[in-house]
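J.: Would you mind keeping the following structure in view while I ask a few things?
The values are calculated or read from the model by the stated rules, or taken from the named source; none is laboratory data. Please read these numbers as outputs of a predicted model, since none were measured by experiment. Note that we place each Cβ from the backbone using ideal geometry, even for glycine, and neighbour counts take in every protein chain shown. Just the protein is used for accessible areas: all its heavy atoms, side chains included, with ligands, DNA and RNA removed. Shrake-Rupley method; radii C 1.70, N 1.55, O 1.52, S 1.80 Å.
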Amino acid sequence: MGIVKLEPYDQTEEDKKAYRWCVNHGIKIGMLAVAPGFDNAAWKIRVVANGKETISPRDYNKREILPKLFELYRFYYDKNVQQ
C-alpha cells in the first residue's frame, strides 16, 4: 500500500478562530493512528482538556478525520465562549 493521504479540508474562519482559542486555552485535539506504519488508514481522536484525556471510541477514515477535528475545536470554543 503506500502512504495514506488525508482528504483536504478547507478551514473556515470560524474553524481558525476556534482552533486558535483552543490552543491558547490548553485544549489539545489531535489524531492517533490506529495501527503502526505509514499505510494506516484509520485514526482515533485524542482530546486533552481541563487535565483530562479522552480518546474517541470509534475510528475515523481519511475523509472523516479533519472535519471531525475541527468540529471538536468549534464545540469547545462554543461551549466556553459567550457569543
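J.: Among the residues of region 8-22, which ones are open to solvent by 70 Å² or more (accessible area, probe 1.4 Å), farther than 11 Å from Tyr76 by Cα and without any contact (Cβ under 8 Å) to a residue 60 or more places away in the chain?
T.: Across region 8-22, the qualifying residues are Pro8, Asp10, Gln11, Glu13, Lys16, Arg20.
J.: Among the residues of region 29-83, what is the count of those that are acidic (Asp, Glu) and within 16 Å of Pro8 (Cα to Cα)?
T.: Total satisfying the criteria: 2.
J.: Based on what the data block shows, is Asp10 among the acidic types (Asp, Glu) and assigned to a loop (DSSP other than H, G, I, E, B)?
T.: Yes: the conditions hold for Asp10.
J.: Continuing with this model, one more query. For region 13-36, what are the residues that are in a loop (DSSP other than H, G, I, E, B) and at pLDDT 95 or above? First the steps, then the outcome.
T.: If we filter region 13-36 for residues that are in a loop (DSSP other than H, G, I, E, B), which is where we start, we get 25-27, 34-36.
Answer for region 13-36, where residues must be in a loop (DSSP other than H, G, I, E, B) and at pLDDT 95 or above: His25, Gly26, Ile27.
J.: Hey, another quick one. Being open to solvent by 40 Å² or more (accessible area, probe 1.4 Å) and touching a Leu at 6+ places or on another chain (Cβ under 7 Å) narrows it down to one of Lys28, Lys62, Lys5, so name that one.
T.: So the residue among Lys28, Lys62, Lys5 that is open to solvent by 40 Å² or more (accessible area, probe 1.4 Å) and touching a Leu at 6+ places or on another chain (Cβ under 7 Å) is Lys62.
J.: If Glu53 satisfies all but one of (1) outside any loop (DSSP other than H, G, I, E, B); (2) surrounded by 13 or more Cβ atoms within 10 Å (Cβ to Cβ), what's the number of the condition it fails?
T.: Condition not satisfied by Glu53: (2).
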